[in-house]
1. How many residues, within the range 27-54, are at pLDDT 95 or above, under 16 Å from the mean Cα position of the chain (by Cα) and either of a type in the set (K, R) or under 17 Å from E67 (Cβ atoms) (or both)?
2. Would you pick out the residues in the range 25-39 that are surrounded by 10 or more Cβ atoms within 10 Å (Cβ to Cβ) and either of a type outside the set (A, V, I, L, M) or more than 16 Å from T78 (Cβ to Cβ) (or both)?
3. Testing R20 on (1) of a type in the set (K, R); (2) assigned to a loop (DSSP other than H, G, I, E, B); (3) touching a Phe, Trp or Tyr at 6+ places or on another chain (Cβ under 9 Å), one condition comes back false. Which one is that?
4. I'm told R85 meets every condition in (1) open to solvent by 40 Å² or more (accessible area, probe 1.4 Å); (2) in contact with a Gly (Cβ under 7 Å, 6 or more places away or on another chain); (3) in a helix (DSSP H, G or I) except one. Can you identify the failing condition by its number?
5. Name the residues in the range 45-82 that are assigned to a helix (DSSP H, G or I) and either under 17 Å from T22 (Cα atoms) or among the aromatic types (F, W, Y) (or both), would you?
Amino acid sequence: MLDHSHHRIDQDWQHRASCRGTDTDMFFSPDGERGSVRARRERAAKQICHHCPVLAACRDHALATTETYGIWGGMSETERARHTRRTRHTRARPARGWEQRTS
């Protein structure tokens, strides 16, 4: 499988994931799920992720492939979107020392 940058993705990590064999409903919200019900489900899913031996690989996969739904690598879709925006914003800003030297 290739990611968006056309690099080969090692998916062997998926076979070692703590969530393997778990009902996927825990990781993906049904239509219309909101509030405390959603928060409870997400906490339960993240608890499985918390001690997962492949947490970083799962998170990297979700961020690299821009997974739009579900809990991946201990992050919800909202958290991944926020992380991506923050990362883009940080990369777009010039270094503080650079601004001062050019003024």
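1. Total satisfying the criteria: 10.
2. If we filter the range 25-39 for residues that are surrounded by 10 or more Cβ atoms within 10 Å (Cβ to Cβ), which is where we start, we get 25-29, 33, 37-39.
Once the filter is applied, which keeps residues that are surrounded by 10 or more Cβ atoms within 10 Å (Cβ to Cβ) and either of a type outside the set (A, V, I, L, M) or more than 16 Å from T78 (Cβ to Cβ) (or both), the range 25-39 yields D25, M26, F27, F28, S29, E33, R38.
3. So R20 meets the others, but not (3).
4. (2)
5. Start the filter on the range 45-82 by keeping residues that are assigned to a helix (DSSP H, G or I), which leaves 45-50, 55-64, 77-82.
Result: A45, K46, Q47, I48, C49, H50, L55, C58.
The values are calculated or read from the model by the stated rules, or taken from the named source; none is laboratory data. Here the structure is a predicted model, which means the values were calculated and not measured. Counting neighbours? That spans all protein chains shown, and the Cβs are built from the backbone with ideal geometry, glycine included. Just so you know, the surface numbers come from the protein's heavy atoms only, side chains and all, with ligands and any DNA or RNA stripped out. Shrake-Rupley method; radii C 1.70, N 1.55, O 1.52, S 1.80 Å.
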